[in-house]
Amino acid sequence: MSFWIIAASGAALVTVLLIRALWRGATAPEPTRVEQDLQVYRDQLAEVEREVARGVLPQEDAARAKTEISRRILAADTSRGEAVQPGAKPSKFLMAVIAVVLVGGSLFAYLSLGAPGYGDLALQDRIAFAENLRETRPSQADALEDMPNANLGAELSPEYEALLTRLRETVAQRPDDVQGQTLLAQNEARVGNFAAAADAQASVVRLKGTDASVEEVTNYAELMIMAAGGYVSPQAEDVLGAVLTRDAENGTARYYWGLMLIQTGRPDQGFRIWDGLLRRGPADAPWIEPILGQIEPVAELAGVDYAIPEIGGGALRGPSDGDIEAAQDMTPAERMEMIGSMVDGLSERLATQGGPVEDWARLISSLAVLGQTDRAQAIYDNAMEVFSDDPTAMDIIFRAGERASLAQ
């Protein structure tokens, strides 16, 4: 609020000063034609005196010139009674336009480019704010309470609705039937009843325990998020974390993890995850389309001048058929040189453009294979710093360092 008071006061002060200057300039008396003539005659007298002093004008000629100029001065002075005419005053409309442009334009520019209500936060303050937002955000139950009631049975055929009702009754009577809970989760999701689908899928995961597949746990997290209208709650985050612990490169879980980071004030981390998923591909992966629809404004929030990369084109490419055929005729030294050039290309891209954590891990492993341990160690240390705020990414880098036998 204090900023608005200061900004508004400054704009108002500048406006008043500008209008006051225009008003004073308009009311200042303008010299008349007689005053201008008198000034010219005085300048002529002074010029005559200077020429006499330099000896270029004889005294007789100077006396005649002074007499003539003095006569003109007297004649002009007798008609000096002309009124002094003030300049035209600025119109009220002009002053109003100035006020609107300065004050209104300043406010409009700030509303368009600034962030009303936010102070100038340092990096550590923004990180602390994001951490607090993440810790205090609404629970899954709170998010579900805020969701509007949906008319789920409006487009169902009577036969399908009857079958679904019978399935619900059967599962309610046999809650420990894994197959029944699985069918219920699939059918509730099919009709858009994601909250009920998430509950059924939770039962599937609970009943199977450690035997629940990564896909089943991932489906549970996704149904929770869809039930909350795309919001990643702390409870959904826990389920995503369980998925990534078992499969650190799971595309669906990484997509939603990035979404959670964006929702909790860390678009920089979310952007890195989404960019990595785009570069890794494949192009028909289910998370590619939603990322393409959202990543550009996320990149802007992250402060990145971003261009959509080639989908699936960011990973370290293996040799083509032509490369393999050519390598058959190479000496071992030439093969190592070819591999080294590919690794150098990846290293240069990561240094200039950045890239997904998988590329960093692949580069570390490749450098170790080439025997460039010192360089692999430097890349490892740099990657641990770059991804210090992403536990999942750090785990991938850590495992790459283990495989490369680096100091950790």
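Mind checking the full-extension length gain between Gln294 and Ala172? Use 0.36 nm per residue of separation minus the Cα-Cα distance, one decimal, nm. Don't skip to the end; give the middle numbers.
Values: separation 122, 0.36 × 122 = 43.92 nm, distance 3.98 nm.
Fully extending the segment from Gln294 to Ala172 adds 39.9 nm.
So how strong a dipole does the range 140-301 carry about its Cα centre when Lys and Arg Cβ are +1 and Asp and Glu Cβ are -1, to the nearest 20 debye?
On the way: 12 positive and 25 negative charges, 63 e Å.
Roughly 300 debye, rounded to the nearest 20.
Loop-only GluC sites (Glu not before Pro) in the range 153-223, please: DSSP not H, G, I, E or B, and at most 12 other Cβ atoms within 10 Å. Display every interim value, and only then the final one.
On the way: sites: Glu155, Glu159, Glu161, Glu169, Glu188, Glu215, Glu216, Glu222; in loops: Glu155.
In loop regions of the range 153-223 (DSSP not H, G, I, E or B), the sparsely surrounded GluC sites (Glu not before Pro) are Glu155.
Where a number appears in this text, it was derived from the coordinates with a stated rule and is not lab data. Quick caveat, the model's predicted, so the values are computed rather than measured. Cβ coordinates were reconstructed from backbone atoms using ideal geometry, including for glycine residues, and neighbour counts include every protein chain displayed.
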